[in-house]
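The values are calculated or read from the model by the stated rules, or taken from the named source; none is laboratory data. Note that the coordinates shown come from a computational prediction; the quantities given were computed from them, not determined experimentally. Don't worry about glycine lacking a Cβ; one is built from the backbone with ideal geometry, like all the others, and counts go over all protein chains shown.
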Amino acid sequence: METALARDDIRHGGQLPNIAIIGTGLIGCSWAAMMAATGRKVAIFDTRPEAGEAFQDFWTSVKPALVELGLADPDCQPDYRICTSLSDALRDADFVFECIPERLDMKRALYGEMEPLLKPTAIVATSSSGLKLSDLQAGWSNPGRVIIGHPFNPPHLVPLVELYANDQTDADVLPTARRLYESCGKVVIILKREVMGHVANRLQAAIWREAIHLVESDVASVEDVNAAVWAGPGLRWAIMGPHMLLHLGGGAGGLRAYCEQFTQSYTEWWDDLGKPQLTPETIDRLVSGLSEEIDGRDYATLRQQRDSQLIAVLKALSETRRSFGTVPELA
Ligand SMILES: NC(=O)c1ccc[n+]([C@@H]2O[C@H](COP(=O)([O-])OP(=O)(O)OC[C@H]3O[C@@H](n4cnc5c(N)ncnc54)[C@H](O)[C@@H]3O)[C@@H](O)[C@H]2O)c1
């Protein structure tokens, strides 16, 4: 069953009806579910024999959330097939989500096998969290069809996708990819130049670095550092980015007034930020601090709690954004 989104997409040019997902772990399953929800045909290939069953279980577990967010029709049946070879998965593919582990050597080896099997017009988007496109393009005889399309976990819920293409990329690739991601409710940002870790992981890395430092230097417990984010600035970050928030922090004078007031403070704070290393001792300290907060809840329970709270936030934001009319709607 096609969703309204896919039907609309097909009406406007019948774009990219055949999707291949290569690697169906955490991220690949999520992309497969999103694409199936838009009514596209999804071919799945993973070197793990149990990947097909894992995707079916994943679909069953996430479908209610996709329906609740308006990203899938309630009666949607995913049109997918589990492939036993790469060539079968890529045969008709218009768009390929490459989601194998974050190892340059593995991705390059896979690309060497993939390229001769692809249609000349197919686009390959890697979900890579931080590898550089120029490194990933090496070895392609036509590097113009491969781009970065980095999601944030869990991709079926978190709207952000970071896209990066470079001067080797064919002109049609970025706009076509953007349209595909936006057709399933994603918020796309475009990187203007190559940088390790893209944008969002660099921001996450900056926060996590200081979060570790605050624990390591005995300023606060793991649980309190977590609360300082989710009960404080994290709530605001779900609504606006840091530059906009601090514009509001400057009163009527906006960001300029904020900078004038706080330049000295930030300069001193930035100088004082920590540079921890993930040593075995530091990892032990974080893990044991976190186990108190986890308080016996298993992985599935924590994931379920995270996802239901994310859905509640997304639904609330979708409603308020619709009424303010300033930001693209979720679906
Ligand atoms: N985990 C995250 O939070 C996250 C977030 C955003 C992006 N990513 C990126 O997404 C990619 C996948 O990460 P993941 O967390 O889903 O990894 P994962 O380990 O959960 O899944 C990888 C899957 O790829 C399969 N695989 C390995 N080699 C293969 C091959 N040659 N052909 C087909 N399948 C193969 C594995 O069997 C496994 O099922 C990575 O590049 C990662 O950086 C991860």
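Does the stretch 62-71 include one or more residues that are charged (D, E, K, R), within 19 Å of the chain's Cα centre (by Cα) and farther than 22 Å from residue 191 by Cβ? Before you say what the answer is, go through the steps one by one.
Filtering the stretch 62-71 for residues charged (D, E, K, R) gives 63, 68.
Remaining after also requiring within 19 Å of the chain's Cα centre (by Cα): 63.
So of that shortlist, the ones also farther than 22 Å from residue 191 by Cβ come out as 63.
The answer is yes, given that some residue of the stretch 62-71 is charged (D, E, K, R), within 19 Å of the chain's Cα centre (by Cα) and farther than 22 Å from residue 191 by Cβ.
Counting just the residues of the stretch 22-32 that are assigned to a loop (DSSP other than H, G, I, E, B) and surrounded by 21 or more Cβ atoms within 10 Å (Cβ to Cβ), which one comes out farthest from the ligand (Cβ to nearest atom)?
To start, the set of residues in the stretch 22-32 that are assigned to a loop (DSSP other than H, G, I, E, B) comprises 23-25.
Now drop any that are not surrounded by 21 or more Cβ atoms within 10 Å (Cβ to Cβ), which leaves 23-24.
Numbers: 23: 3, 24: 6 Å.
In this case the residue turns out to be 24.
Run down 290, 317 and say which single residue is of a type outside the set (Val, Ile, Thr), modelled with pLDDT of 95 or more and closer than 29 Å to residue 159 by Cβ.
Of the residues listed, the single one that is of a type outside the set (Val, Ile, Thr), modelled with pLDDT of 95 or more and closer than 29 Å to residue 159 by Cβ is 290.
Looking only at the stretch 26-39, filter to residues that are at pLDDT 95 or above and not hydrophobic (A, V, I, L, M, F, W, C); which one of those is farthest from residue 114 (Cα to Cα)?
The qualifying residue farthest from residue 114 (Cα to Cα) is 30.
Among (1) in contact (Cβ under 8 Å) with a residue 60 or more places away in the chain; (2) within 16 Å of the ligand (Cβ to nearest atom); (3) more than 19 Å from residue 136 (Cβ to Cβ), where does residue 179 come up short?
Residue 179 satisfies every listed condition except (2).
Output the qualifying pairs, or none if there are none: Cβ atoms under 8 angstrom, residues six or more apart or on different chains, first residue in the stretch 141-170 and under 18 Å from residue 201 (Cβ atoms), second residue among the basic types (Lys, Arg) and crowded, with 16+ Cβ neighbours inside 10 Å.
Cβ pairs passing all conditions: 151/186; 159/186; 160/186; 161/186; 163/178.
Report, by residue number, each residue of the stretch 33-68 that is part of a loop (DSSP other than H, G, I, E, B) and exposed (fewer than 15 other Cβ atoms within 10 Å of the Cβ). Write out each step before concluding.
So in the stretch 33-68, the residues part of a loop (DSSP other than H, G, I, E, B) come out as 38-40, 46-50.
Those that are part of a loop (DSSP other than H, G, I, E, B) and exposed (fewer than 15 other Cβ atoms within 10 Å of the Cβ): 47, 48, 49, 50.
Give just the number: which of (1) under 29 Å from residue 136 (Cβ atoms); (2) part of a helix (DSSP H, G or I); (3) not charged (D, E, K, R) does residue 71 not satisfy?
If we test residue 71 against (1) under 29 Å from residue 136 (Cβ atoms); (2) part of a helix (DSSP H, G or I); (3) not charged (D, E, K, R), just (2) comes out false.
Quick one: residue 75 ticks every box in (1) crowded, with 18+ Cβ neighbours inside 10 Å; (2) at pLDDT below 95 except a single one, so which number is it?
Of the numbered conditions (1) crowded, with 18+ Cβ neighbours inside 10 Å; (2) at pLDDT below 95, the odd one out for residue 75 is (1).
With modelled with pLDDT of 95 or more, within 20 Å of residue 220 (Cβ to Cβ) and among the polar types (S, T, N, Q) as the only criterion, which of 267, 279, 263 stands out? Explain how you work it out, then say what you get.
Details: 267 fails: within 20 Å of residue 220 (Cβ to Cβ); 263 fails: within 20 Å of residue 220 (Cβ to Cβ).
Exactly one residue qualifies, and that residue is 279.
Being part of a helix (DSSP H, G or I) and touching a strand residue (DSSP E or B) at 6+ places or on another chain (Cβ under 7 Å) is the filter here; which residues of the stretch 89-109 pass it? Let's see the steps before the verdict.
Just the residues of the stretch 89-109 that are part of a helix (DSSP H, G or I), to begin with: 89-90, 104-109.
Of everything in the stretch 89-109, those that are part of a helix (DSSP H, G or I) and touching a strand residue (DSSP E or B) at 6+ places or on another chain (Cβ under 7 Å) turn out to be 89, 90, 107.
If we scan the stretch 132-139, do we find a residue that is within 13 Å of the ligand (Cβ to nearest atom), assigned to a loop (DSSP other than H, G, I, E, B) and within 18 Å of residue 21 (Cα to Cα)? Explain how you work it out, then say what you get.
Our first condition is that a residue be within 13 Å of the ligand (Cβ to nearest atom); within the stretch 132-139, this holds for 132-133, 135-136.
Filter once more, keeping what is assigned to a loop (DSSP other than H, G, I, E, B): 132.
Restricting the remaining residues to those that are within 18 Å of residue 21 (Cα to Cα) gives none.
Scanning the stretch 132-139, I find no residue that is within 13 Å of the ligand (Cβ to nearest atom), assigned to a loop (DSSP other than H, G, I, E, B) and within 18 Å of residue 21 (Cα to Cα), so the answer is no.
Report the residue count in the stretch 80-106 for those that are within 8 Å of the ligand (Cβ to nearest atom) and aliphatic (A, V, I, L, M).
So the answer is 3.
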